[in-house]
Structures are given as C-alpha cells and as structure tokens.
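Okay, structure first, notes after.
The values are calculated or read from the model by the stated rules, or taken from the named source; none is laboratory data. What you are looking at is a predicted structure, and each value in this text was computed from that prediction instead of being measured. A quick note on method: Cβ atoms are made from the backbone with ideal geometry, for glycine too, and the neighbour counts reach across all protein chains shown.
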Amino acid sequence: THQWRGLIEEYRDRLPVTATTPVVSLLEGGTPLVPAQVLSERTGCEVYLKVEGANPTGSFKDRGMTMAISKAKEAGAQAVICASTGNTSASAAAYAVRAGMVCAVLVPQGKIALGKMGQALIHGAKILQVDGNFDDCLTLARDLSDKFPVALVNSVNPVRIEGQKTASFEIVDMLGDAPDVHVLPVGNAGNITAYWKGYKEYAADGLATRTPRMWGFQASGSAPIVDGAPVLKPQTIATAIRIGNPASWDYALAARDESGGLIDKVTDRQILSAYRLLASQEGVFVEPASASSVAGLLQAHERGLVDPGQRIVCTVTGNGLKDPDWAVAGAPQPTVVPVDATAAAERLGLA
Ligand code: F0G
C-alpha cells in the first residue's frame, strides 16, 4: 500500500528544501480533483473541482503552511505569527503544534467563522482579536515580526507561495496537461499567484504543453482589484475573502495579464447560490468564500465568455464545516417523529 507522503516529499525537487530541512507535515496535498457533472452539463464544458477542503485542517492553507513552518523551524524560530480571516490561523496553529512552536494569530474582531476559531483554540494558539479588519491585522502582524522574535507565516512569506503552487502540479499530473481555464477565489491574492507560478514552472520544464487562463473572483463588497482601489471597509458574507487591500495585488494582475485571464467580482447572492448548488447538486460542501470560483464560472457562462468543450478547473478552497451558519440559515427545522416506522414513513413521503 502506498500513502501520499505530503507535498514536500512528493514534490521535493521543485521546492526550496534541502536534505536537512526538518519537514513539518500533516500529509497535506493530494486532494481530489472531482468531475463536476452538473456544472459540466450547464456550461457545456468539462468542469472539475479541486477540493482543497480535503486538506488536514480543511483548507488549501496547509500547502503553504507545511513549507512556512518547516522553513521557520529550519531557521530556528520558536514562535510564528499570522493575520487571518480564519483558515490561515487554523492551519498555522496545527502545524505549530507539530513543530513544537508557539503560534500567535491576529483575527478581525467578530468576523471569523466559529469552526476556524475553534481550530485555533483547540490547537492552543494565542489569539488576539484586533479592533479592525484583516488588512489591519496584517499590518500589525508585519510590524510585530519586524520588531520581535516571531516569524511571519502569511502568504507575503514567499515559501507559502512555493507550497501552494503544488496544487497546479497535482492538476497537471492528474489531467496530463494544464486545463484551458483555472478559476479561483481571490482574497489576499496569494493563491492565484501560487497557482500561476506552478503552472508556469511545469510548462517551462515541458511537463505541460501550455498554461491555463487564470480567472479570479472577488466578492463584490470586497473587490479592490476589480474596482481599482483599496476598499477601506470591505463587506461580504464570505468572511474568508473579506479583504480590502490584498498583499499580492500586483502578482494577481500579472497572473491575469500573462495568462490572458480575468479578475472579476460576484455578489454575495451569487456566492450563496453557487454554495447551495455545489452542496445540493454536486455533493461537495464548501465554505461560502470557496463558492466564489463557481459563482464566477457561472457568471462568465451567462455572459457568453465560456467556449463550450473546454477543460475548466475550479478550486474550492475550504471545507463547508468550517462555517455551517449559511447551511443552517433559512433551512426548515427537521420534523420530530416518534420511534414508529409508519409515522416516520408518512413524514418521509414513503407511505
Ligand atoms: N478561500 C478561502 C477559504 C480562504 O480562506 C482564503 C483566504 C481565500 C479563498 C483567498 O485566498 O487570500 O490567497 O487570495 N484566506 C486567508 C486567511 C486570508 O487568513 O485564511 P487568497
């Protein structure tokens, strides 16, 4: 039997590690590339979902974190810090446990999903709720890591991008070549930067014949890249991407322009509709921010931007269990029945 060894071991020769780097891993990566039947039918394309919620802490952040924590350990760091809308902090907290390090996290007050807060807590992170938004948290985290002995593990740390680029390798390894289009949510813009780097590296080394067009989608109340200016008070129900001044803004523009792609925005209503479609039609439960890739694909299709017959991969970045509020909201209460087959069958419409 062969178990996936984690992305550092699987792609060691393409990552900045040496034989002496201490590998801190939860065997992240190797996530499912699931054919999306309903989305394929609706768009006339071959659509796949890269299900990143299947990573150990439930989001794509584990790809960057195995690298960031391994390199921090190699450098002798005893403490790490991050700003986060929730997933980065959950991941940093878990990997810090594996590394025997202290983890500090800065989160925007009241704006992180309960499941993510629970992860940071149970893994023993030191949590500060900042009176501000994610952008303020990142400013503070950078300042702390400049002035105090604590390593920054946000995606402004280039080794995070190195780890995250492996998702593109997995997709090409699975499909035999790059897709025509790759669609993903955009928040701080590290992930679109990482995927584009991965696709370019594989093409440059002859492991893919081409690169895909990169399509990124922001939430319309937090769409600084689309609107062309930082958003001071970003708003969206997709708290993971509630970011007004993305750190990797320029890299996201480069990914868009070099790939002939686009960065656009989708409304919260479109995000929630894609969120429900993914769960009810494809059987894939993601968190709201993750559904913005699929919402974007459907919007592009409605606008006539999707040529039929293309191969399209949508990354769904985080697990639905992290933020189940939107699954429960507005849903009818389950009916209470006695322990009686006839009564239960009646309620189920079976009798
Ligand atoms: N989807 C999810 C579920 C996320 O948690 C994030 C970012 C993104 C998409 C956007 O990715 O920032 O690389 O463009 N979450 C960060 C965090 C900000 O703190 O967990 P990006």
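Residues in region 114-153 that are touching a residue at least 60 places away in the same chain (Cβ under 8 Å) and either surrounded by fewer than 24 Cβ atoms within 10 Å (Cβ to Cβ) or more than 17 Å from the chain's Cα centre (by Cα) (or both): how many? Full working, then the answer.
Within region 114-153, the first condition is being touching a residue at least 60 places away in the same chain (Cβ under 8 Å), and the residues that meet it are 114-116, 119, 133-135, 138, 141, 144-145, 149-153.
Checking which are either surrounded by fewer than 24 Cβ atoms within 10 Å (Cβ to Cβ) or more than 17 Å from the chain's Cα centre (by Cα) (or both) leaves us with 114-115, 119, 133, 135, 138, 141, 144-145, 149-152.
The number of residues fulfilling the criteria is 13.
Taking interchain pairs and intrachain pairs at least six residues apart, which have beta carbon atoms under 6 angstrom, with the first residue in region 43-64 and among the hydrophobic types (A, V, I, L, M, F, W, C) and the second within 13 Å of the ligand (Cβ to nearest atom)?
These pairs meet every condition: Leu49/Cys314; Leu49/Val316; Val51/Val316; Phe60/Glu52; Phe60/Thr317.
The conditions are (1) in contact with a helix residue (DSSP H, G or I) (Cβ under 8 Å, 6 or more places away or on another chain); (2) closer than 26 Å to Lys165 by Cβ, and Ala223 fails exactly one of them. Which is it?
Going through the list (1) in contact with a helix residue (DSSP H, G or I) (Cβ under 8 Å, 6 or more places away or on another chain); (2) closer than 26 Å to Lys165 by Cβ, Ala223 breaks only (1).
Mind checking which residues of region 71-113 are hydroxyl-bearing (Ser, Thr, Tyr) and either near the ligand (Cβ under 9 Å from one of its atoms) or free of Cβ contacts under 8 Å to residues at least 40 places away in the same chain (or both)? Steps first, answer last, please.
Let us first name the residues in region 71-113 that are hydroxyl-bearing (Ser, Thr, Tyr), namely 84-85, 88-89, 91, 95.
Once the filter is applied, which keeps residues that are hydroxyl-bearing (Ser, Thr, Tyr) and either near the ligand (Cβ under 9 Å from one of its atoms) or free of Cβ contacts under 8 Å to residues at least 40 places away in the same chain (or both), region 71-113 yields Ser84, Thr85, Thr88, Ser89, Ser91.
For residues that are of a type in the set (A, V, I, L, M) and surrounded by 24 or more Cβ atoms within 10 Å (Cβ to Cβ), scanning just region 52-76, find the one that is farthest from Gly29 (Cα to Cα).
Going through the qualifying residues, I end up with Ala72.
Hey, does region 157-174 have a residue that's over 18 Å from Val17 (Cβ atoms), in a loop (DSSP other than H, G, I, E, B) and touching a residue at least 12 places away in the same chain (Cβ under 8 Å)?
Within region 157-174, none of the residues are over 18 Å from Val17 (Cβ atoms), in a loop (DSSP other than H, G, I, E, B) and touching a residue at least 12 places away in the same chain (Cβ under 8 Å).
Residue under question is Gln270, and the condition is that it be over 15 Å from the mean Cα position of the chain (by Cα) and surrounded by 12 or more Cβ atoms within 10 Å (Cβ to Cβ); does it hold?
So Gln270 fits the description; yes.
Please enumerate the residues belonging to region 191-234 that are buried (at least 20 other Cβ atoms within 10 Å of the Cβ), under 26 Å from Gln109 (Cβ atoms) and among the polar types (S, T, N, Q).
Residues satisfying the conditions are Asn191, Gln218, Ser222.
Does Ala255 count as under 28 Å from Gln109 (Cα atoms) and within 13 Å of the ligand (Cβ to nearest atom)?
In short, no.
From Ile263, Ile243, grab the single residue that is touching a Leu at 6+ places or on another chain (Cβ under 9 Å), of a type in the set (A, V, I, L, M, F, W, C), within 12 Å of the ligand (Cβ to nearest atom) and in a strand (DSSP E or B).
Answer to the selection: Ile263.
Return the pairs, sorted by first residue and then second, in which the second residue is near the ligand (Cβ under 6 Å from one of its atoms) and at pLDDT below 95, the first residue lies in region 183-196 and is within 12 Å of Gln164 (Cα to Cα), the beta carbons are less than 7 Å apart, and the residues are 6+ apart or on different chains.
Hits for this filter: Gly190/Ser155.
Go through (1) within 15 Å of the ligand (Cβ to nearest atom); (2) under 30 Å from Val80 (Cα atoms); (3) within 17 Å of the chain's Cα centre (by Cα); (4) not charged (D, E, K, R) and name the single condition Val231 misses.
If we test Val231 against (1) within 15 Å of the ligand (Cβ to nearest atom); (2) under 30 Å from Val80 (Cα atoms); (3) within 17 Å of the chain's Cα centre (by Cα); (4) not charged (D, E, K, R), just (3) comes out false.
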